[in-house]
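The values are calculated or read from the model by the stated rules, or taken from the named source; none is laboratory data. Everything numeric here is computed off the predicted structure, so don't read it as measured data. Methodologically, a virtual Cβ is constructed for each residue, glycine included, from the backbone with ideal geometry; neighbour enumeration extends over all protein chains shown.
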Amino acid sequence: MGEVILAMPGQWAHDYREKADHYTSKIGGLPDWPDLDIPVSGKLLLCDFCGGKLCLVAQIYAPLSMAERSIDERVIYVLGCMKKDCGSNPQSWRVLRLQRCKQDIESKDEPLKAEQPEEESTSVAEDKPTSQSSSVKVCDDEDSDSDIDLDDLAQALEQAATLASNSKKQDGTKHTRKIVEGPVAKKLIDDLTTPVLPCFYIYSQRNSSEGRMDKANFVGGSSISLKEIEKSSGNESEGESWEGEAYEYDKALGADRTYLKFKKQLDAYPEQCFRYSYGGNALFPVANVPKLGACKICGSARRFELQLMPPLLYFLQEASDDSSNFSIDGWTWLTIIIFTCPKNCCSGTCDEKSSNSCRCIVEEEAIVIQDD
Amino acid sequence: MAERGDRGGFGRGFGGRGGGEGGRGRGRGERRGGRRGNKSEEEKWVPVTKLGRLVKSNNITSIEQIYLHSLPVKEHQIIDTLLKGLKDEVMKITPVQKQTRAGQRTRFKAFVVVGDGDGHVGLGVKCAKEVATAIRGAIILAKLSVIPVRRGYWGNKIGLPHTVPCKVTGKCGSVTVRMVPAPRGAGIVAARVPKKVLQFAGIEDVFTSSRGSTKTLGNFVKATFDCLMKTYGFLTPDFWTETRFSNSPYQQYTDLLSKPTTKALLPPTEEPLQAEA
């Protein structure tokens, strides 16, 4: 439960507006909404502070497997505002959790037929713990068996390729991508008014042991060797003795102990874009943390899910040096910590027994910690 | 991933765990505008703070710009980039003990001083279970604490400044250290331990006097460092002219980069958002 999964940067998207599916995790670009009965309401996509359009910062596919039920269609969207004054205002950030409430197995007239194989693979996954690659195989089989028209075939291929390319080893990744993008070009989303950040995809990595941290700390080398230390300690004789030293916490002029611990975790994996740890502990860079609200629907106290880290800003800034209308220099956050409802409740309109699956969007809470 | 129960499945979501150690060497691929290719883990610095990003992109070229606006330095790579000739030296490693139920637990405390011999000096103290870890950590903390040292003249203003500009005193614990300007050729008149700090700072001549329990050399060294910090805090008649305030680097570069370009921002229209896949 307390394990931390790090998100490392993967490939850049060829075009920042290109369309992926809602099973991909990515940074920047345009949000990939899954098939919705009601499109996402405009209010949710506008900044609370200035009223302008929000841009997608991160889209994270985060399925859950809990004791009672498992939610496989669960995506978290983090939206932010790029205007100058909104960068430091916590009101201009929005986190949406979009999930499908019911497990619809016998849905017939879904326009995106690719979801059907996903359903069946879900039930397979529940029986035995399978790795992602095996569920991908199931998906592929289903694709070939069902009869679909050409548009859906293209979309299904794209989706399968995304899953396949992400789960294969990195040697095979580029190769797979080349094959896929021959016949099927990535579609672009037709939305020119929303601000778009540079887009890149994410692969996940387990947070491994502390052996890494010691190695990572040793950046920039030192001109001191252990022999010199022994020499210098032998030199002092004349009645000098260092007495009365006690343990001292780390302190520097500009950085306090909490921040130094945060930095130590960052130095272990300097490229981490966000840390995911459902129900785990957040890594706070400052000691005082503002208070959390409770979930608006069920009232339970929110729990930590993931936090965005500063290397993400660095990558986005590097990419947006040329050719961008919008600049993210107003963003000076050190980390954005996202808390979600532990019960994964829906907005309450899902009780009808309709043949269509019902998806709900719930707004969650984010704490923005600024870099002073 | 054999555990069930309440856990998030983010890692399961795409299972890209084939990366591992090799993933990092993969590099970021191409992008328009070109970027540096693969670099090994140790050389590449990914800045965390806004100041780090500005330094990495060479918008800030001198450390004096940081001191002018008193910006806190939170990454030691900033100092590495801006001050190239920084030398470091371990002043002392002492064992520090703590009594536990299972005997004594010994840790090592390292005192490291860094400096370029020309007006910049830093002091770092770190406790760790191993000596090497303590030294490494202390070097990083010392780099984070680099301060500018003001030098002045004793008498005639001939040549370069060589001594402290005025009498200053610093205190830590019970130890107070007082530094008094000295004529050229006097050399650093101080005990062995603070002499090292003053040499790294680039002060050539100074008279010192100390008081308190200077046996606690940790406090002695910190008192000297505190004294050096105060050299720029002392208001002398040279500073009586009106200050001309300039923009902090944060504002300077935000304004520059957020200027509206020729492609104007489109006015917000009421078109419905296309949400279909």
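For (1) within 14 Å of chain A (Cβ to nearest Cβ); (2) out of contact with any Phe, Trp or Tyr (no Cβ under 9 Å at 6 or more places or on another chain); (3) among the aromatic types (Phe, Trp, Tyr); (4) buried (at least 21 other Cβ atoms within 10 Å of the Cβ), each residue gets a yes or a no:
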residue: B:ALA138; (1), (2), (3), (4): yes, no, no, yes
residue: B:LEU141; (1), (2), (3), (4): yes, yes, no, yes
residue: B:VAL146; (1), (2), (3), (4): yes, yes, no, yes
residue: B:THR176; (1), (2), (3), (4): no, yes, no, no
residue: B:LYS196; (1), (2), (3), (4): yes, yes, no, no
residue: B:PHE207; (1), (2), (3), (4): no, yes, yes, no
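With a requirement of 1 or more residues that are at pLDDT 90 or above, within 23 Å of A:ASP256 (Cβ to Cβ) and more than 14 Å from chain B (Cβ to nearest Cβ), the strands (runs of 3 or more DSSP E) lying completely within the range A:275-372 that satisfy it span A:333-340. On the stretch given as the range B:203-230, residues that are in a helix (DSSP H, G or I) and more than 20 Å from B:GLY124 (Cβ to Cβ) total 0. Name the residues in the range B:98-136 that are among the β-branched types (Val, Ile, Thr) and under 27 Å from B:TYR67 (Cα atoms), would you? Of everything in the range B:98-136, those that are among the β-branched types (Val, Ile, Thr) and under 27 Å from B:TYR67 (Cα atoms) turn out to be B:VAL112, B:VAL113, B:VAL114, B:VAL121, B:VAL125, B:ILE135.
When B:ALA186 is tested against the conditions (1) under 20 Å from B:HIS120 (Cα atoms); (2) assigned to a loop (DSSP other than H, G, I, E, B); (3) in contact with an Asp or Glu (Cβ under 8 Å, 6 or more places away or on another chain), the lone failure is (1).
Return the residue satisfying two criteria in turn: it lies in the range B:111-136 and is of a type in the set (A, V, I, L, M, F, W, C) and within 17 Å of A:ARG257 (Cα to Cα), and of such residues it is surrounded by the most Cβ atoms within 10 Å (Cβ to Cβ). Per the stated criteria, the residue is B:LEU123. Among strands (runs of 3 or more DSSP E) entirely within the range A:1-100, having at least 1 residues that are of a type outside the set (Val, Ile, Thr) and facing chain B (nearest Cβ under 7 Å) singles out A:5-12, A:55-61. Only one entry of A:ASP48, A:ASP109 meets the criterion of being surrounded by fewer than 20 Cβ atoms within 10 Å (Cβ to Cβ) and modelled with pLDDT of 80 or more, and that entry is A:ASP48.
In the range B:117-139, the count of residues that are closer than 15 Å to A:ALA252 by Cα, part of a helix (DSSP H, G or I) and of a type outside the set (A, V, I, L, M, F, W, C) is one or more.
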